[in-house]
Every structure is written in structure tokens, then in C-alpha cells.
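Working notes, beginning with the structure itself.
The values are calculated or read from the model by the stated rules, or taken from the named source; none is laboratory data. Worth saying up front: this structure is predicted, and the values here are computed from it rather than measured. Using ideal geometry, Cβ is built from the backbone for each residue, glycine included, and neighbour counts are taken over all protein chains shown.
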Amino acid sequence: MRPLLALLLLIATASLAQAGTVFLGPSPYLSAADSPFDLFGLGTTFFLEDFEDGELNTPGISWHGPPGIVLEPGTLTDSVDGDDGVIDGYGNGGHSLLSRAYQIEFSNPPSIYLSVGLDFDADALGFAPTALGFAWTDGPGIGSVAIHLFDNENRLISANIWGVPFHEPLGDHGFDGATMEDRFYGVFEPSGFRRAVITTLTQDASVGSFELDHLQYGLIVPEPSGLTTSIFLISGALFCVRCFGERSKSTTQLG
Ligand SMILES: [Ca+2]
Ligand SMILES: [Ca+2]
Ligand SMILES: [Ca+2]
Ligand SMILES: [Ca+2]
């Protein structure tokens, strides 16, 4: 097995056994209404960056590594469907984020890792975020999606790979902004995190980036009883390690 992939699988498997961590998705996502997080109200403990103002500028978040490129509305842009005002199967009229980080492993065939790195400022936020999600909107037709979370000492604390690496149906093999294949991925990590890396894994050498949208993150507080407060609107379409009872009081701010 390829060394980098083996490492990714090892840490993903280890983290799945970690108590309290919940991975969410993939689930269809056409607007913020499809988020499994409780988005009630706009506030101070949860944020959603939809890139519609052309920038990554919601509170307490910045690039780690190469900044992504915010795509303006256009024929190749694959925003979340509802951002252009109408859910019609296309996201061309909105803005999305295009990844820039690219790593290739020269196996046969070569393995390609496309990623977006994000830092979270706990001082600015007033807390270390415990929840992260996003909508994957475009990229290779065959591949997988991964999230890796790190603490304030840059130690990996949880990770997951959705799908069989390099073999899972992922994109729609088109570049026209269609939204049928758009999917939400997310994680609840009760210990809090300071950095996240979102990766698309593929062996399709013709694809050098992927698009995401609706980055969402914030504070979810476990209950004193030890049962984690559920801030997720659990649906049958969501994959979860553990399902919980109540909804949180977290609030959301569109960016
Ligand atoms: Ca639309
Ligand atoms: Ca958007
Ligand atoms: Ca799409
Ligand atoms: Ca913004």
C-alpha cells in the first residue's frame, strides 16, 4: 500500500474509535437548510461562509497553506445551488471556493491529494470550534473526501475518509455547475480543534482542484451528563457514529 494513503487510513481508523467524535455525511446539500447543524438564528457561536461576498472573512478563520480561490459567478463555478437565489439544479450564479494545494504521489497510477487548509483563532472566536462542515460541489468523478483535525499543538486529533480511496463515485464528470452531486461532509470533535485540512483524493490526473462551499464551523457544547448535545438534525441519510438527543443553542452567521 502506498505510504501516504496507508498513513491516512491508519489515522482515520484510529480516530473512528475515538469516543465522542461524530462524522457526518455525505448527504445532499442544495442550501443551508440541508445542513445537519442547527442553524437557528445568526449569532456568535456558529458561522457559515458562503463566499457570496467574494472572501473568506467569517470570524476566526484563515488559510493554512495556499489560500483557496473564491470563484465569481460563471459557467464553471459550482456554488451551492441556492446561493444564486433559486434552487434549479445549477450553482453557476453563486460563488464557490477552488482548492489550490496539490500533492502527487508517484505510484502507478499516481495518487493525487487536493486540499484546503484552515486555521481557527480560538482567541478571536472565544472558543476552539468543535464542529466543522462544508458542501463538496465539484471535482473528480472518482475519488474520496477526507477531513483531518489538529489541536493547538498541531497534533492530529481526528480524521476520516469517506468512501473507498480513489474508487468512490464522487463528482458528476461535468464542469457546468450542476448540483445533483453536491454533498455535505462534517465532523463534531468535542475536544475542539485549531486547524482543519479538507482533502479530495483521486487518481484522475486531469483534475487539479476541487470546489467547496458553505464552510460552517462553531462551538457545540457537550452536556454535563456526558451525553453530547445533539446539534445535528439527524436524518437517515447521514452517517453517524453515535446519535444523540437534544439540539444545541448554537447560532449561525452567514458570511
Ligand atoms: Ca441555483
Ligand atoms: Ca456560494
Ligand atoms: Ca456540483
Ligand atoms: Ca465571506
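Quick test of your reading of the structure: Leu71 fulfils all but one of (1) farther than 25 Å from Ile220 by Cβ; (2) surrounded by fewer than 18 Cβ atoms within 10 Å (Cβ to Cβ); (3) of a type in the set (A, V, I, L, M, F, W, C); (4) within 16 Å of ligand 4 (Cβ to nearest atom). Name the failing condition by number.
Status for Leu71: all satisfied but (2).
Tell me yes or no: at least one residue of segment 220-238 is within 17 Å of the chain's Cα centre (by Cα) and either modelled with pLDDT of 90 or more or within 16 Å of ligand 4 (Cβ to nearest atom) (or both).
no
Report, by residue number, each residue of segment 32-54 that is over 20 Å from Gly85 (Cβ atoms) and not polar (S, T, N, Q). Lay out the reasoning, then the answer.
Looking only at segment 32-54, we keep the residues that are over 20 Å from Gly85 (Cβ atoms), and these are 36-38, 40-41, 43-47.
Pro36, Phe37, Asp38, Phe40, Gly41, Gly43, Phe46, Phe47 - these are the residues of segment 32-54 that are over 20 Å from Gly85 (Cβ atoms) and not polar (S, T, N, Q).
Any idea how many residues of segment 143-174 are out of contact with any Gly (no Cβ under 8 Å at 6 or more places or on another chain) and within 16 Å of ligand 1 (Cβ to nearest atom)?
1
I'm checking my understanding of the structure. Among residues of segment 38-61 that are under 16 Å from Leu212 (Cβ atoms) and under 16 Å from the mean Cα position of the chain (by Cα), which one is farthest from ligand 1 (Cβ to nearest atom)?
Ile61
Does Gly82 meet the test of being within 14 Å of ligand 2 (Cβ to nearest atom) and within 23 Å of Gly218 (Cα to Cα)? Before you say what the answer is, go through the steps one by one.
On the way: within 14 Å of ligand 2 (Cβ to nearest atom): yes; within 23 Å of Gly218 (Cα to Cα): yes.
Considered against the rule, which asks whether it is within 14 Å of ligand 2 (Cβ to nearest atom) and within 23 Å of Gly218 (Cα to Cα), Gly82 comes out as yes.
Restricting to segment 169-192, name every residue that is more than 22 Å from Ser206 (Cα to Cα) and not aliphatic (A, V, I, L, M).
Those that are more than 22 Å from Ser206 (Cα to Cα) and not aliphatic (A, V, I, L, M): Phe184, Tyr185, Gly186, Phe188, Glu189, Pro190, Ser191, Gly192.
Could you list, ordered by first residue, the pairs with Cβ atoms under 8 Å in which the first is in segment 124-146 and within 15 Å of Asp50 (Cβ to Cβ) and of a type in the set (Ser, Thr, Tyr) and the second is part of a strand (DSSP E or B) and within 16 Å of ligand 4 (Cβ to nearest atom), at least 6 apart or interchain?
Pairs that qualify, where the first residue is within 15 Å of Asp50 (Cβ to Cβ) and of a type in the set (Ser, Thr, Tyr) and the partner is part of a strand (DSSP E or B) and within 16 Å of ligand 4 (Cβ to nearest atom), are Thr137/Ser96; Thr137/Glu211; Thr137/Leu212; Thr137/Asp213.
Quick check: anything in segment 131-143 among the β-branched types (Val, Ile, Thr), crowded, with 16+ Cβ neighbours inside 10 Å, within 28 Å of Glu72 (Cα to Cα) and within 16 Å of ligand 3 (Cβ to nearest atom)?
The initial filter retains those residues of segment 131-143 that are among the β-branched types (Val, Ile, Thr), namely 137, 142.
Retained after the next criterion (residues that are crowded, with 16+ Cβ neighbours inside 10 Å): 137, 142.
Cutting the leftovers down to within 28 Å of Glu72 (Cα to Cα) gives us 137, 142.
Right, trim to within 16 Å of ligand 3 (Cβ to nearest atom) and you get 137, 142.
Yes, because at least one residue in segment 131-143 is among the β-branched types (Val, Ile, Thr), crowded, with 16+ Cβ neighbours inside 10 Å, within 28 Å of Glu72 (Cα to Cα) and within 16 Å of ligand 3 (Cβ to nearest atom).
Do we find that Val164 is surrounded by fewer than 17 Cβ atoms within 10 Å (Cβ to Cβ) and either modelled with pLDDT under 95 or part of a strand (DSSP E or B) (or both) in this structure? Break it down stepwise before answering.
Numbers: surrounded by fewer than 17 Cβ atoms within 10 Å (Cβ to Cβ): yes; either modelled with pLDDT under 95 or part of a strand (DSSP E or B) (or both): yes.
When the stated conditions are applied, Val164 passes them.
Testing Ser35 on (1) over 14 Å from Ser99 (Cα atoms); (2) more than 15 Å from the chain's Cα centre (by Cα); (3) not aliphatic (A, V, I, L, M), one condition comes back false. Which one is that?
Against the list (1) over 14 Å from Ser99 (Cα atoms); (2) more than 15 Å from the chain's Cα centre (by Cα); (3) not aliphatic (A, V, I, L, M), Ser35 comes up short only on (2).
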